[in-house]
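First up is the structure itself, then whatever we jot down about it.
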Amino acid sequence: MITPDLEDLVQRVEKHKPKQLLFRNKEIANYAEIALKIATLTKDLGVDLYLHQDAFLSKELGAKGVHLTSKQFKLIKQAKEMGLDVIVSTHTKDEALLASSLGADAITFSPIFHSPNKGEPVGVEALADVVKSVGIKVFALGGIVSAKDVDLIRSSGAYGFASIRYFS
């Protein structure tokens, strides 16, 4: 049975046709239970699932990969050895280069634009510099809310972007 929240997820996936989906929720106690439902759902929808922070749960649920925080660089190798794709959250060029050198498959780089409570925006020029420097996929995030923002991200050479508000 699909719960109302998961029905909303299905509608958004069908509308926007993402290739990948990250399940990230730091506040809920039953993260693993909901992750299992989302893993089943994304398999049915043909979308690659990434779980936030937990490589072991990602492996257990058959997720495509894990999205590690900028404090989890030491887990990149272990997650790769588990056969997971690894995306690492980065906020500086140095972090981006470190994640790449440690074997991450991709990074998120943020915040590109103003995003509430996410610090000073790095901007599209910094994003373009990171894209040219790391040699791995770069997903832009932070404050991406309009088609104009997406066009600017595209012009940077970034592989893609992630957003909550753009897809709302």
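Summary of computed values
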quantity	calculated
Selection of GluC sites (Glu not before Pro), the stretch 1-77, meeting DSSP coil and at most 15 other Cβ within 10 Å	27
Residues 130, 13 arranged by fewest to most Cβ contacts within 10 Å	13, 130
Within-13-Å neighbourhood charge of residue 144 [Cβ basis; K, R +1; D, E -1]	+2
Bins of 5 Å, starting at 0 and running to the largest distance - Cα pair percent for the chain	1, 9, 18, 20, 21, 17, 11, 3, 0, 0
Footprinting exposure proxy for 24, 154 (fewest neighbouring C-beta atoms within 10 Å first)	154, 24
Under the Debye formula (equal points on every Cα, no solvent term), log10 I(q)/I(0) of the stretch 1-49 at q = 0.15, 0.24, 0.29, 0.33 Å⁻¹	-0.37, -0.94, -1.28, -1.43
Ranked 114, 91, criterion: other C-beta atoms within 10 Å, fewest first	114, 91
Cα-Cα over 24 Å, subset of 17/137; 77/118; 17/132; 37/118; 37/59	77/118; 17/132; 37/118
Part-to-part distance (alpha-carbon centres) for the stretch 62-113 and the stretch 11-40, which is given in Å	19 Å
Estimated [θ] at 222 nm from DSSP helical runs (n ≥ 4, -39500 (n - 2.57)) normalised by residues in the chain, nearest 500	-12500 deg cm²/dmol
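Since every read-out is calculated from the coordinates, none of them should be taken as a lab result. Being a predicted model, the structure only gives us computed values, none of them experimental. So basically every Cβ, Gly included, is an ideal-geometry build from the backbone, and we count neighbours across all protein chains shown.
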